[in-house]
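J.: The structure follows.
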């Protein structure tokens, strides 16, 4: 998926496969921060996968809001 601002803008969302999990990815702010929504059973696994992967690219991963509607 192309995450360049000309292709994936504020308010856009897409359902993708990431690290063997189905994920809803949304561009949630003007600063191009991304919100990931995943089934609770995959949440910890995906978080650890993202934290590990982000180290190589110096990308900030935060846990954000938890639970429904968060």
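The values are calculated or read from the model by the stated rules, or taken from the named source; none is laboratory data. Everything quoted here is computed from the prediction, not taken from an experiment. Positions of Cβ are generated from backbone atoms using ideal geometry, with glycine treated the same way; all protein chains shown enter the neighbour counts.
J.: Among the residues of the range 7-22, what is the count of those that are in contact with a helix residue (DSSP H, G or I) (Cβ under 9 Å, 6 or more places away or on another chain) and outside any strand (DSSP E or B)?
T.: Applying the first criterion (in contact with a helix residue (DSSP H, G or I) (Cβ under 9 Å, 6 or more places away or on another chain)) to the range 7-22 yields 18-22.
Checking which are outside any strand (DSSP E or B) leaves us with 19-20.
Within the range 7-22, residues that are in contact with a helix residue (DSSP H, G or I) (Cβ under 9 Å, 6 or more places away or on another chain) and outside any strand (DSSP E or B) number 2.
J.: What tally of residues in the range 30-53 results from selecting those that are modelled with pLDDT of 90 or more, within 24 Å of residue 4 (Cβ to Cβ) and not in a helix (DSSP H, G or I)?
T.: Selection size over the range 30-53: 2.
J.: While we're on this one: Condition test on residue 25, is it in a strand (DSSP E or B) and exposed (fewer than 12 other Cβ atoms within 10 Å of the Cβ)? Please lay out each step first, then the result.
T.: Values: in a strand (DSSP E or B): yes; exposed (fewer than 12 other Cβ atoms within 10 Å of the Cβ): no.
No; evaluated as a whole, the condition is false for this residue.
J.: If I filter the range 54-70 down to residues being assigned to a loop (DSSP other than H, G, I, E, B) and surrounded by 10 or more Cβ atoms within 10 Å (Cβ to Cβ), which single residue comes out as modelled with the highest pLDDT?
T.: My answer is 59.
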